[in-house]
Amino acid sequence: MDRNKEYFSHLKDKDMQFQIELRDDGKYATKGVGTISFESDLGNSLNFRDVLYVPSLKKNLVLVDTLENKGYDVSLAEVRVTSST
């Protein structure tokens with residue numbers, strides 16, 4: 001799910017007649033569906049199809065289960081932040 005319309009390489013604007021409900025108890029209207037294309041850190045071109053356009057989201061969301069069901073291998077890395085003070 002993405003809130004930034006400019007990230008879509010293809011977008012079909014339409015009221016999807018359903019809302020996304022998140023753990024913050026907010027309900028977010030889906031306003032379209034499309035494709036987002038970008039380059040990975042390894043230089044590979046990635047095209048995610050059927051991405052929901054949800055303009056009122058506070059942050060973009062990626063559902064790992066959905067990616068895995070579409071055949072992607074998902075690897076998450078732990079990031080540690082240390083203070084220099």
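Values in this text are rule-based calculations from the coordinates and carry no lab data. Note that the structure is a prediction, hence the values are computed from the model and not measured. As a convention, Cβ positions derive from the backbone with ideal geometry for all residues, glycine included, and neighbour counts pool all protein chains shown.
3J(HN,Hα) along region 41-48: 4, 8, x, 7, 7, 10, 10, 9 Hz, from the Karplus curve 6.51 cos²θ - 1.76 cosθ + 1.60 with θ = phi - 60°, whole Hz, x for Gly and Pro.
Taken one residue at a time, the phi angles of region 2-16 give Karplus couplings (6.51, -1.76, 1.60, θ = phi - 60°) of 9, 9, 9, 4, 5, 6, 7, 7, 9, 9, 9, 5, 6, 7, 7 Hz. Gly and Pro are set to x.
Let me spell out the model: positive unit charges on the Cβ of Lys and Arg, negative unit charges on the Cβ of Asp and Glu, origin at the Cα centre of the chain. What dipole size does that give, in debye rounded to 20? Intermediate results must be reported in sequence, preceding the final value.
Numbers: 12 positive and 14 negative charges, 62 e Å.
That gives a dipole near 300 debye.
Cross-link partners for residue 59 among the lysines, with Cα-Cα distance under 17 Å and sequence neighbours closer than 8 places in the same chain left out: 5, 27, 31.
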